[in-house]
Amino acid sequence: MIQIGAPLAADFTNPLGVLSDCHRRVERFLQLLITVSEHAQGGPLSAEQRDALRLALRYFREAAPMHTADEEESLFPRLRRAAHPRVAVVLRAVENLEGEHEAARFDHLTVDLLGRRWLANDSLPAERVHELRDALRRLETLYERHIAIEDREVFPLSRLILNSADIATMGQEMTRRRGLESAALPVRSTAAGGCVMPGPVYRYLSEDHARLDALLNRILAISGEIDRIAEAEFRAGLLKHISMEEKILLLDAQRRRGGEPLPVAAKLRADHGAIAALLVPTPTPQTVAALRSILAGHNAIEEGPGGMYETCEQLAGAEVDDLHARLRAAPEVPAAAHVDGPNILAATRRALLRAGFEKEANSLTTEWEESA
Ligand SMILES: [Fe+2]
Ligand SMILES: [Fe+2]
Ligand SMILES: [Fe+2]
């Protein structure tokens, strides 16, 4: 029986060993997904298949992204900094791997959405079965190469060139990423522009941005038809994200500043109003494009250097873990059904104009007047 929380062969004093162990799990859970989807072919699932599907989906949803973060945030940057003649060659392979992690994210999202739909309905339409099989095949091919390059080239070279302090810090970062230890306040950037180590609040919310961006890209991905599951998940996720920022993060910063809101708070709240207004009508190519455009600038203000997330972490100081825990415990936000019609569209346009999104407001006008 495979358990997500089962102990790994290596511990975090041997972070490269942990990364290799994770590859074995990726292989096992991917094979589990392939076996279930090939045996059941979109039909009713036996209790055993249902458990396997649920477990594998959960592994890729919760545990696998930490492996990607371990490599992208803890390992690859340290390799880049090391001066060794073989590094340039391996780094080229690493750059391809980072691109592959991006592609894998999209396929994982497809597998997750379709797998959950299968669990919910106990069946999957034939075209979705094909979509699921194609995504799983692409992941299988990608991981085969990815894991081979990392296990045979990247990890052995890392063992050779990283010093014991680097290895120890990597292990601590990986432990902290899994919430297995109370994180010390990360080292901050210096006036001379030293490296900023993002803290748990930053990582939690910027990963949520990436997840929501990927869902947004799926909403109209298939022949212009709305993907209702992706759309519902995007909408619920974004409303919860906004609520976490407004009710927890911005208020926490305001309290720590003696009641004075962050200078950027008014702008972010106005953006949130525009974003929430765009979630009211049934999505159209225009509302999706407007959301993309607004979120690109908005997320950059939050995640960028010296941005809202970093400022909030600095203000929280040693209590950053507590702030992170409160975000993780935030409740879901109930989403009402979509409402359409000229009044709603006019209200959405006004909310966009109020927040200074004139271009986006005008892009909606055409669609509504055409459909009026
Ligand atoms: Fe890996
Ligand atoms: Fe926000
Ligand atoms: Fe955000």
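Just so you know, all these numbers are worked out from the coordinates, no wet-lab data involved. Not measured: the values here are computed from a predicted model. Using ideal geometry, Cβ is built from the backbone for each residue, glycine included, and neighbour counts are taken over all protein chains shown.
Check each of the trypsin sites (Lys or Arg not before Pro) in the range 78-172 and keep only those in coil by DSSP with at most 15 other C-beta atoms within 10 angstrom; list them in order. Hits after loop and neighbour filter: 86. Dipole magnitude for the chain: computed about the Cα centre from +1 point charges on Lys and Arg Cβ and -1 point charges on Asp and Glu Cβ, it is near 460 debye.
Between residue 39 and residue 106, full extension at 0.36 nm per residue minus the direct alpha carbon distance yields a gain of 21.7 nm.
Within the chain, what's the longest stretch lacking GluC sites (Glu not before Pro) that sit in DSSP loops with no more than 10 other Cβ atoms inside 10 Å? Free of exposed loop sites, the longest segment is 1-224.
Semi-axis lengths, largest first, of the ellipsoid equivalent to the range 200-371 are 30, 18, 13 Å, with √(5λ) applied to each eigenvalue of the Cα gyration tensor. For the pair residue 300 and residue 206, label points projected 7 Å from Cα toward Cβ lie 1.5 nm apart. Each residue, residue 142 and residue 123, gets one label point 7 Å from its Cα in the Cβ direction; the gap between the two is 3.1 nm. For the residues 293, 74, 243, a GNM of the chain with alpha-carbon springs under 10 Å puts the largest fluctuation on 293. Backbone N atoms of the range 312-346 closer than 18 Å to the 7 Å Cα→Cβ label point of residue 260 belong to residues 312-317. Every pair of different Cα atoms in the chain enters the Kirkwood calculation, which places the hydrodynamic radius at 22.8 Å. Specify the residue with the greatest mean-square fluctuation among 85, 285, 200, computed from a Gaussian network of the chain linking alpha-carbon atoms under 10 Å apart. Of 85, 285, 200, the most mobile in the Gaussian network model is 85. In a fully extended conformation the segment linking residue 13 and residue 62 would gain 15.4 nm over its present Cα-Cα distance, using 0.36 nm per residue. Across the range 15-177, Cα-Cα distances exceeding 29 Å account for 27% of all pairs. Magnitude of the charge dipole for the range 15-177, about its Cα centre and with charges confined to Cβ atoms of Lys, Arg (+1) and Asp, Glu (-1), is about 220 debye. Here the calculated FRET efficiency for residue 55 and residue 346, from their Cβ-Cβ distance with R0 = 56 Å, stands at 0.70, rounded to the nearest 0.05.
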